[in-house]
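All of the numbers you see were taken from the coordinates with simple rules; none came from a lab. Because the structure is a prediction, the values reported are computed rather than measured.
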Amino acid sequence: MSMLHVYAIVDGDAIRGAVPLGHDGQPVAAFPADGFAAVVGAAKSGGTMPTVEDVWHHDAILGALMAEHVVVPLRFGTLCDQAELSGLLRERRRRTWRDLDRVRGRVELALRLSKTVDEKLAPEPTRTAATDAQTQPGTAYLMARMACRHQAPAAGDTAIRDIRDRIDRLAVATAWDDGAWPVKASCLIARSAVPGFIDAAERLVERYPHIGMSCTGPWAPYSFVGAFGAHEGTP
């Protein structure tokens, strides 16, 4: 049975605008379902070991779709046959419409807060905002997720608590990745509000010289949609 790469769910029954070829050099197509559509491409039989380039190619397809559509992104490597995909789209109909409404006109930014090793000796923190659509997505993504070996922030860290509270108020929604430094957050932002959000976040962090910030994106809003294949009743 032939398998399909499933890249995203988009509003409308057809793909608008130019989209790169999918994995294995296969064209992408719309698989319509009740006013929205899955964006799919044929998967090579047997499959191949994925590469980093494959992951960024998936991201490039999502970026092209976002230029013309509301996009509910699917994780890289989502594979279904046609019958399975039809069933999932029917089962997820209500949740898909909720997800499309939630991310309409919005994008995801990745926020990364890091602490200098030595507040007296460390250089001023570097702040970057990869918001230009022409920025290479792989570079920005890897920068946002660089390994950091500092100890976890103390639960009572006043600076982090203040930053988190204020970022939560600036964003439509946030998802914080608690744990060791760096402290990371995914932020759902109206596309038109991205520059203002970055400026406000940078001014906020400047109040705390021992904390640096990077803000990368915009990305497809992975962190704010349901998992594909989850049942309708699943929160």
When all C-alpha to C-alpha distances in region 1-54 are sorted into bins of 10 Å, what percent of pairs does each bin hold, rounded to whole numbers?
25, 50, 23, 3
Length gained, ALA18-LYS44, 0.36 nm per residue minus C-alpha separation, equals 7.1 nm
